[in-house]
Amino acid sequence: LYKVLSNYSKYNTSTGYVQGMGFIVAVFLTYMDEEGSFYMLHSLMKKYGLEGFYQPGFPKLKGTFYVLLNLLKKFIPKVYEYFKTEGMIPSMYASEWFICLFSRNLEFDSLVRIFDVLFLEGYKVIYRFALAFLKLNEERFLEGKDGLASIMNVFKEIDLNIDIDKLFTVAFVFSLSRKDIDKFEKEYDKVKD
(Lines give C-alpha, C1' and ligand atoms only; values in the text may rest on other atoms or scores of the structure.)
Protein backbone atom coordinates (compact mmCIF):
# COMPACT_ATOMS: atom_id res chain seq x y z
CA LEU A 1 0.00 0.00 0.00
CA TYR A 2 2.77 2.40 0.94
CA LYS A 3 4.70 1.68 -2.26
CA VAL A 4 1.71 2.25 -4.53
CA LEU A 5 0.65 5.48 -2.84
CA SER A 6 4.17 6.82 -2.52
CA ASN A 7 5.00 6.14 -6.16
CA TYR A 8 1.69 7.50 -7.36
CA SER A 9 2.16 10.74 -5.44
CA LYS A 10 5.55 11.15 -7.15
CA TYR A 11 4.13 10.22 -10.55
CA ASN A 12 1.04 12.43 -10.39
CA THR A 13 2.26 15.58 -8.72
CA SER A 14 -1.00 17.40 -9.47
CA THR A 15 -2.75 15.22 -6.89
CA GLY A 16 0.08 13.98 -4.73
CA TYR A 17 -1.26 11.86 -1.91
CA VAL A 18 -4.65 12.32 -0.29
CA GLN A 19 -5.66 10.13 2.63
CA GLY A 20 -8.78 8.73 0.96
CA MET A 21 -6.68 7.12 -1.78
CA GLY A 22 -5.41 4.50 0.67
CA PHE A 23 -8.83 2.95 1.14
CA ILE A 24 -9.32 2.65 -2.62
CA VAL A 25 -5.88 1.21 -3.31
CA ALA A 26 -6.36 -1.29 -0.47
CA VAL A 27 -9.35 -2.69 -2.37
CA PHE A 28 -7.30 -2.94 -5.57
CA LEU A 29 -4.48 -4.75 -3.74
CA THR A 30 -6.84 -7.53 -2.74
CA TYR A 31 -7.28 -8.38 -6.43
CA MET A 32 -4.01 -7.45 -8.11
CA ASP A 33 -0.35 -6.73 -7.56
CA GLU A 34 1.22 -3.35 -6.80
CA GLU A 35 1.72 -2.40 -10.44
CA GLY A 36 -1.87 -3.24 -11.37
CA SER A 37 -3.14 -1.28 -8.36
CA PHE A 38 -1.02 1.70 -9.39
CA TYR A 39 -2.53 1.68 -12.87
CA MET A 40 -6.04 1.21 -11.54
CA LEU A 41 -5.59 4.29 -9.36
CA HIS A 42 -4.22 6.18 -12.36
CA SER A 43 -7.17 5.02 -14.46
CA LEU A 44 -9.62 6.32 -11.84
CA MET A 45 -7.90 9.68 -11.93
CA LYS A 46 -7.62 10.07 -15.69
CA LYS A 47 -10.14 7.83 -17.46
CA TYR A 48 -12.89 8.17 -14.86
CA GLY A 49 -12.25 11.84 -14.20
CA LEU A 50 -11.70 11.69 -10.45
CA GLU A 51 -8.41 13.58 -10.36
CA GLY A 52 -10.13 16.79 -9.26
CA PHE A 53 -11.34 15.03 -6.10
CA TYR A 54 -7.73 14.88 -4.92
CA GLN A 55 -6.06 18.01 -6.29
CA PRO A 56 -5.27 20.91 -3.95
CA GLY A 57 -8.45 22.73 -3.05
CA PHE A 58 -10.53 19.71 -4.17
CA PRO A 59 -11.99 21.51 -7.24
CA LYS A 60 -14.09 18.61 -8.56
CA LEU A 61 -15.31 17.74 -5.09
CA LYS A 62 -16.83 21.18 -4.67
CA GLY A 63 -18.63 20.85 -7.98
CA THR A 64 -19.80 17.39 -7.00
CA PHE A 65 -21.43 18.80 -3.88
CA TYR A 66 -23.30 21.30 -6.05
CA VAL A 67 -24.49 18.50 -8.34
CA LEU A 68 -25.51 16.30 -5.40
CA LEU A 69 -27.46 19.16 -3.85
CA ASN A 70 -29.38 19.68 -7.08
CA LEU A 71 -30.01 15.96 -7.51
CA LEU A 72 -31.26 15.82 -3.93
CA LYS A 73 -33.63 18.68 -4.69
CA LYS A 74 -34.89 16.88 -7.80
CA PHE A 75 -35.22 13.33 -6.45
CA ILE A 76 -35.74 13.67 -2.67
CA PRO A 77 -37.24 17.15 -2.24
CA LYS A 78 -38.47 16.69 1.35
CA VAL A 79 -34.97 15.82 2.56
CA TYR A 80 -33.55 18.66 0.47
CA GLU A 81 -35.92 21.17 2.09
CA TYR A 82 -35.29 19.82 5.59
CA PHE A 83 -31.52 19.90 5.12
CA LYS A 84 -31.78 23.43 3.73
CA THR A 85 -33.80 24.57 6.75
CA GLU A 86 -31.26 23.03 9.13
CA GLY A 87 -28.19 24.27 7.26
CA MET A 88 -27.00 20.78 6.32
CA ILE A 89 -24.91 20.92 3.16
CA PRO A 90 -23.25 18.05 1.22
CA SER A 91 -19.73 18.94 2.32
CA MET A 92 -20.83 18.06 5.87
CA TYR A 93 -21.77 14.48 5.02
CA ALA A 94 -20.67 13.43 1.53
CA SER A 95 -16.93 14.23 1.47
CA GLU A 96 -15.97 10.77 2.60
CA TRP A 97 -18.37 9.14 0.12
CA PHE A 98 -16.75 10.85 -2.84
CA ILE A 99 -13.11 10.90 -1.75
CA CYS A 100 -13.08 7.28 -0.54
CA LEU A 101 -15.68 6.02 -3.04
CA PHE A 102 -17.64 4.53 -0.12
CA SER A 103 -14.68 2.34 0.86
CA ARG A 104 -14.88 3.59 4.46
CA ASN A 105 -18.63 3.06 4.62
CA LEU A 106 -19.34 -0.41 3.30
CA GLU A 107 -18.25 -3.94 3.92
CA PHE A 108 -15.80 -5.32 1.41
CA ASP A 109 -18.19 -7.56 -0.55
CA SER A 110 -20.65 -4.68 -0.91
CA LEU A 111 -17.94 -2.25 -1.88
CA VAL A 112 -16.57 -4.38 -4.71
CA ARG A 113 -20.06 -4.52 -6.23
CA ILE A 114 -20.14 -0.73 -6.25
CA PHE A 115 -16.65 -0.62 -7.79
CA ASP A 116 -17.84 -3.00 -10.53
CA VAL A 117 -20.65 -0.61 -11.42
CA LEU A 118 -18.33 2.39 -11.14
CA PHE A 119 -16.00 0.86 -13.73
CA LEU A 120 -18.97 0.15 -15.98
CA GLU A 121 -20.91 3.44 -15.68
CA GLY A 122 -18.31 5.93 -14.50
CA TYR A 123 -18.50 8.25 -11.53
CA LYS A 124 -22.21 8.88 -12.11
CA VAL A 125 -22.84 5.86 -9.86
CA ILE A 126 -21.37 7.71 -6.91
CA TYR A 127 -24.36 10.03 -7.12
CA ARG A 128 -26.71 7.05 -7.39
CA PHE A 129 -25.42 5.51 -4.18
CA ALA A 130 -25.25 8.84 -2.35
CA LEU A 131 -28.91 9.40 -3.23
CA ALA A 132 -29.76 5.82 -2.25
CA PHE A 133 -28.21 6.26 1.21
CA LEU A 134 -30.25 9.43 1.65
CA LYS A 135 -33.47 7.92 0.31
CA LEU A 136 -33.21 4.81 2.49
CA ASN A 137 -32.95 7.07 5.52
CA GLU A 138 -35.48 9.68 4.44
CA GLU A 139 -37.98 8.85 7.20
CA ARG A 140 -35.27 8.86 9.86
CA PHE A 141 -34.08 12.28 8.71
CA LEU A 142 -37.56 13.76 8.66
CA GLU A 143 -38.57 12.28 12.04
CA GLY A 144 -35.68 13.98 13.82
CA LYS A 145 -36.78 16.30 16.59
CA ASP A 146 -33.43 17.90 17.36
CA GLY A 147 -32.71 19.43 13.94
CA LEU A 148 -29.06 19.28 12.98
CA ALA A 149 -28.18 17.00 15.92
CA SER A 150 -30.77 14.44 14.78
CA ILE A 151 -29.50 14.60 11.21
CA MET A 152 -25.92 14.03 12.36
CA ASN A 153 -27.02 11.05 14.45
CA VAL A 154 -28.58 9.46 11.36
CA PHE A 155 -25.34 10.03 9.44
CA LYS A 156 -23.33 8.37 12.22
CA GLU A 157 -25.32 5.17 11.62
CA ILE A 158 -26.17 5.54 7.94
CA ASP A 159 -23.92 2.73 6.80
CA LEU A 160 -24.64 0.27 9.61
CA ASN A 161 -26.58 -2.85 8.71
CA ILE A 162 -27.02 -1.82 5.09
CA ASP A 163 -28.88 -4.31 2.95
CA ILE A 164 -26.71 -4.05 -0.17
CA ASP A 165 -29.40 -5.49 -2.44
CA LYS A 166 -31.85 -2.85 -1.26
CA LEU A 167 -29.20 -0.14 -1.66
CA PHE A 168 -28.64 -1.24 -5.27
CA THR A 169 -32.36 -1.40 -5.98
CA VAL A 170 -32.92 2.11 -4.67
CA ALA A 171 -29.80 3.46 -6.41
CA PHE A 172 -31.06 2.35 -9.79
CA VAL A 173 -34.61 3.63 -9.31
CA PHE A 174 -33.38 7.18 -9.90
CA SER A 175 -33.57 8.08 -13.58
CA LEU A 176 -30.23 9.78 -13.38
CA SER A 177 -28.72 10.77 -16.68
CA ARG A 178 -25.31 12.00 -17.67
CA LYS A 179 -27.18 14.95 -19.23
CA ASP A 180 -28.53 16.00 -15.79
CA ILE A 181 -25.09 15.81 -14.26
CA ASP A 182 -23.50 17.76 -17.13
CA LYS A 183 -26.18 20.45 -16.78
CA PHE A 184 -25.50 20.91 -13.07
CA GLU A 185 -21.72 20.82 -13.60
CA LYS A 186 -22.02 23.62 -16.18
CA GLU A 187 -24.21 25.62 -13.78
CA TYR A 188 -21.58 25.18 -11.08
CA ASP A 189 -18.82 26.36 -13.43
CA LYS A 190 -20.80 29.59 -13.96
CA VAL A 191 -21.54 30.26 -10.28
CA LYS A 192 -18.30 29.06 -8.62
CA ASP A 193 -16.43 32.30 -9.21
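The values are calculated or read from the model by the stated rules, or taken from the named source; none is laboratory data. Quick caveat, the model's predicted, so the values are computed rather than measured. As a convention, Cβ positions derive from the backbone with ideal geometry for all residues, glycine included, and neighbour counts pool all protein chains shown. Accessible surface is based on the protein model in full, side chains and every heavy atom, while ligands, DNA and RNA are left aside. Shrake-Rupley method; radii C 1.70, N 1.55, O 1.52, S 1.80 Å.
Just the Kirkwood number for the chain, please: inverse of mean 1/r across all distinct Cα pairs, in Å, one decimal. Don't skip to the answer; put the middle values down first.
Values: mean 1/r = 0.0575 Å⁻¹.
Its Kirkwood hydrodynamic radius stands at 17.4 Å.
Express in % the proportion of alpha carbon pairs of region 53-113 at distances exceeding 18 Å. Each step should come with its number before you reach the end.
Numbers: 818 of 1830 pairs.
Every Cα pair in region 53-113 considered, those over 18 Å come to 45 percent.
With +1 on each Lys and Arg Cβ and -1 on each Asp and Glu Cβ, and nothing else charged, work out how big the dipole of region 42-193 is about its Cα centre, in Debye to the nearest 20. Don't jump to the answer; show the numbers that get you there.
Values: 23 positive and 22 negative charges, 116 e Å.
The dipole of region 42-193 has a size of about 560 debye.
Given 4 °C and 1.567 mPa s, how large is the Stokes-Einstein diffusion coefficient of region 119-167 in µm²/s, with Rh as the Kirkwood radius over Cα pairs? Kindly include the intermediate steps, with their values, before the conclusion.
Working: Rh = 11.9 Å.
It diffuses with D of about 109 µm²/s by this estimate.
Set Lys and Arg Cβ to +1 and Asp and Glu Cβ to -1, take the dipole of the chain about its Cα centre, and tell me which of Ile89, Phe129, Met152 lies farthest positive.
Looking along the dipole axis, the top candidate is Ile89.
Which whole-number percent is the relative contact order of the chain (Cα, under 8 Å, 6+ apart)? Write out the running numbers ahead of the final one.
Working: 172 pairs, mean separation 39.3, N = 193.
Once divided by the residue count of the chain, the mean separation gives 20 percent.
Would you mind checking Lys78/Lys145; Lys74/Lys124; Lys84/Lys190; Lys62/Lys166 for any pair whose Cα atoms are more than 18 angstrom apart? Spell out each step's value before the answer.
On the way: Lys78/Lys145 15 Å; Lys74/Lys124 16 Å; Lys84/Lys190 22 Å; Lys62/Lys166 29 Å.
Table pairs above 18 Å Cα-Cα are Lys84/Lys190; Lys62/Lys166.
List the GluC sites (Glu not before Pro) within region 24-123 that DSSP assigns to loop and that have no more than 14 neighbouring Cβ atoms inside 10 Å.
Numbers: sites: Glu34, Glu35, Glu51, Glu81, Glu86, Glu96, Glu107, Glu121; in loops: Glu107.
Here the sparse-neighbourhood loop sites are Glu107.
In terms of the Cα gyration tensor, with a ≥ b ≥ c the square roots of its eigenvalues, is region 1-74 rounded because a/c is under 1.5, prolate because a/b exceeds b/c, or oblate? Please list the in-between numbers first.
On the way: a/c = 2.64, a/b = 1.83, b/c = 1.44.
It comes out prolate by the Cα gyration axes.
With +1 assigned to the C-beta of every Lys and Arg and -1 to the C-beta of every Asp and Glu, and no other charges, what is the dipole magnitude of region 1-98 about the Cα centre in debye, to the nearest 20? The partial results should precede the final answer.
Values: 10 positive and 7 negative charges, 80 e Å.
Magnitude of the dipole: close to 380 debye.
Given a 1.4 angstrom probe, I'd like the percentage of the accessible area of region 10-54 that is carbon and sulfur, rounded to a whole number. Please report the intermediate quantities before stating the final value.
Values: 1240 of 2240 Å².
The nonpolar share, carbon plus sulfur, comes to 55 percent.
Could you give the nm distance between label points at Glu143 and Asp116, where each point is 7 Å from its Cα heading toward the beta carbon?
3.3 nm
Against the longest principal axis of the chain, how steep is helix 34-46, in degrees 0 to 90 to the nearest 10, with axes from Cα atoms?
Here the helix axis deviates by roughly 50 degrees.
R0 = 30 Å: FRET efficiency of Leu160 with Val191, Cβ-based, nearest 0.05? The partial results should precede the final answer.
Numbers: r = 36 Å, r/R0 = 1.19.
After rounding to 0.05, the efficiency reads 0.25.
As I understand it, the value is the acute angle between the Cα axis of helix 2-11 and the longest principal axis of the Cα atoms of the chain; what does it come to in degrees, rounded to 10?
For 2-11 against the chain, the angle is about 90 degrees.
Which value, in Å², gives the accessible area per residue of the chain when a 1.4 Å probe is used on the protein heavy atoms? Walk me through the intermediate numbers first.
On the way: 10040 Å² over 193 residues.
Value returned for the chain: 52 Å² of accessible area per residue.
Dimensions of region 19-59 along principal axes (Cα, Å, largest first)?
That gives 30, 20, 11 Å along the principal axes, largest extent first.
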